[in-house]
Amino acid sequence: MFDQLQERLGAIFERLSGRGRITEGEVNEALREVRIALLEADVSLGAAKAFVNRVKERAVGANVMESLTPAQTILKIVYDELVELLGPSTGSGKARLQFSDAPPSVLMLVGLQGSGKTTQAGKLALRLKEQGRRSLLIAADVYRPAAIEQLKTLGKQIALPVFELGAADPVRIVRDGIAEAKRLSISTVIIDTAGRLQIDEPLMDELARIKAIARPSEILLVADAMTGQEATNVAKGFHDRLGITGVILTKLDGDTRGGAALSIHSITGAPIKFIGVGEKLGALEPFYPERLASRILGMGDALTLIEKTQSLYSEDQAKKLEEKLLKQTFTLDDFLDQMRQVRKLGSFSDLVKMVPGLSRALPKNFEIPEREVEKVEAIICSMTRGERRNPDVLNGSRRKRIARGSGTQVADVNRLVKQFEQARQMAKHLTKTRRGR
Ligand SMILES: Nc1nc2c(ncn2[C@@H]2O[C@H](COP(=O)(O)OP(=O)(O)OP(=O)(O)O)[C@@H](O)[C@H]2O)c(=O)[nH]1
Ligand SMILES: [Mg+2]
């Protein structure tokens, strides 16, 4: 995600840090480029201007020109301002999910068609279940018969009840559903509502009536990050009418330019409470502005990666992995080991992108289809331990043997070895240039 913005900003700071002292003109030039990068990421003109002005003001205050490390000082200011712009973190009081004192707590999901409401309802229910909170899912989208079925399928997958009354009046469904939750002593109710292609009066009216009867502790706007600036306009529309309490930004796993994430909080004042990062039910994450900001600025996202791996590895193993990543002494053996563990977590391509340095070394639009992952696994498995540790020994006859053993072509083996070598070379180069500064 945010590949383009990351690349632009990364290049700006790379250039700045190549110099010693910098002039005021150079600072202004860099900030002009930052503004263009933000506009290209679909941040609104007003927000981009305000952002750059704040950075400029602080840069003057921090005496950037006098500083011995001007580029780092500006980078830090931009980072701080990005964090500010993104809003509070899920862990902080301001963005934590609110529950009511009198159960059941009602969480109402609203948003445009296809933004991911039904899916996030399932993800949220699963997340709460893992924290020991049972939910009843209410199917209040009655306009598509498939919508009810979709929610019931999700409910089955996570073993939680779904309340539905077919195509009855959604307001009645919600009222009866909440009564049912009380009867079953279920602490939380999650309402899946209907979406429209655009905000319209009948939709808003229906949602307002559901709100009146359900008195939700949260009205969460589910917004598709891929729709960019448009998502912030939508957010404003929903907020003006319903008063949303938070946002779930979905599809951040896709190739989004980032505009929505950067401006949705400043436009609505509502915090981003979760981000959706995939179609699977486990793909809902708390929102950490610090991590996103450092990812946008190309500082990698070692934190998220290490947290993810911690659920699979012991602390000791995680530390060793961290060291290897930092020292870039990855062998094919580690690669295979990682891949096996990591596949349990979902998309391998996404995880690879989180490795600092590696994310920039990889080609643009880098993806590994699942089939390819299996192929790579088979190839590495057909190598001897020595070969995995030192791919340099792989001559023609060895490659032929490996291809035969893994049911692939020699060309596949060649490609893997070449890619691995390239990544290693790039990583080496990157660490060298960093140290050289
Ligand atoms: N890549 C990705 N896809 C997602 C994410 N969340 C949902 N989707 C997909 O987006 C599509 C629409 O999701 P739904 O949950 O049906 O959306 P909805 O808002 O309920 O749609 P309507 O009920 O038609 O208004 C589905 O194909 C989901 O699998 C996400 O975080 N990442
Ligand atoms: Mg739906």
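The values are calculated or read from the model by the stated rules, or taken from the named source; none is laboratory data. Predicted model only: the values in this text are computed from it and were never measured. Cβ sites come from the backbone with ideal geometry, for glycine too, and all protein chains shown count toward neighbours. Just the protein is used for accessible areas: all its heavy atoms, side chains included, with ligands, DNA and RNA removed. Shrake-Rupley method; radii C 1.70, N 1.55, O 1.52, S 1.80 Å.
One line per residue, one yes/no per condition, for (1) open to solvent by 70 Å² or more (accessible area, probe 1.4 Å); (2) in contact with a Ser or Thr (Cβ under 9 Å, 6 or more places away or on another chain); (3) at pLDDT 80 or above; (4) among the hydroxyl-bearing types (Ser, Thr, Tyr):
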| position | (1), (2), (3), (4) |
| --- | --- |
| Ala50 | no, yes, yes, no |
| Asn53 | yes, no, yes, no |
| Ala59 | no, yes, yes, no |
| Asn63 | yes, yes, no, no |
| Glu66 | yes, no, no, no |
| Ala71 | no, yes, no, no |
| Tyr79 | no, yes, yes, yes |
message: Just to be sure before I move on: is Glu180 in a helix (DSSP H, G or I) and loosely packed, with under 15 Cβ neighbours inside 10 Å in the structure I sent?
response: no
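Matching residues to (1) charged (D, E, K, R); (2) modelled with pLDDT of 95 or more; (3) over 30 Å from Leu5 (Cβ atoms):
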| residue | (1), (2), (3) |
| --- | --- |
| Gly195 | no, no, no |
| Gln198 | no, no, no |
| Lys211 | yes, yes, yes |
| Pro216 | no, yes, yes |
| Asp224 | yes, no, no |
| Ala231 | no, no, no |
message: Take Ile186 and tell me if it is away from ligand 1 (no atom under 16 Å from the Cβ) and outside any helix (DSSP H, G or I).
response: yes
message: Within the range 191-301, considering only strands (runs of 3 or more DSSP E) that don't extend past its boundaries, which have at least 2 residues that are open to solvent by less than 10 Å² (accessible area, probe 1.4 Å) and not assigned by TED's automatic domain parsing to the domain that holds Lys49?
response: 218-224, 246-250, 272-276
query: Given Ala139, Ala167, which one is closer than 18 Å to Val110 by Cα, within 16 Å of ligand 1 (Cβ to nearest atom) and surrounded by 12 or more Cβ atoms within 10 Å (Cβ to Cβ)?
result: Ala139
task: Considering only residues that are within 17 Å of the chain's Cα centre (by Cα) and more than 7 Å from ligand 1 (Cβ to nearest atom), look in the range 111-134 and name the one that is surrounded by the fewest Cβ atoms within 10 Å (Cβ to Cβ).
output: Arg127
query: Are any of the residues in the range 121-142 within 16 Å of ligand 2 (Cβ to nearest atom), assigned by TED's automatic domain parsing to the domain that holds Ala102, free of Cβ contacts under 8 Å to residues at least 40 places away in the same chain and of a type outside the set (A, V, I, L, M, F, W, C)?
result: no
statement: When every residue in the range 407-426 that is surrounded by 16 or more Cβ atoms within 10 Å (Cβ to Cβ) and over 12 Å from Pro391 (Cα atoms) is compared, the one modelled with the lowest pLDDT is Met426
query: How many residues are assigned to a helix (DSSP H, G or I), closer than 19 Å to Glu372 by Cα and in contact with a Lys or Arg (Cβ under 8 Å, 6 or more places away or on another chain) if we restrict to the range 383-415?
result: 5
field: Entirely in the range 26-137, the helices (runs of 4 or more DSSP H) that have 1 or more residues that are of a type outside the set (S, T, N, Q), touching a strand residue (DSSP E or B) at 6+ places or on another chain (Cβ under 8 Å) and under 29 Å from Glu285 (Cβ atoms)
entry: 70-86, 117-130
query: Which of the residues spanning the range 143-160 are open to solvent by less than 40 Å² (accessible area, probe 1.4 Å) and more than 9 Å from ligand 2 (Cβ to nearest atom)?
result: Ile148, Leu154, Gly155, Ile158, Leu160
query: Does Leu207 satisfy the condition of being in contact with a His (Cβ under 8 Å, 6 or more places away or on another chain) and touching a residue at least 40 places away in the same chain (Cβ under 8 Å)?
result: no
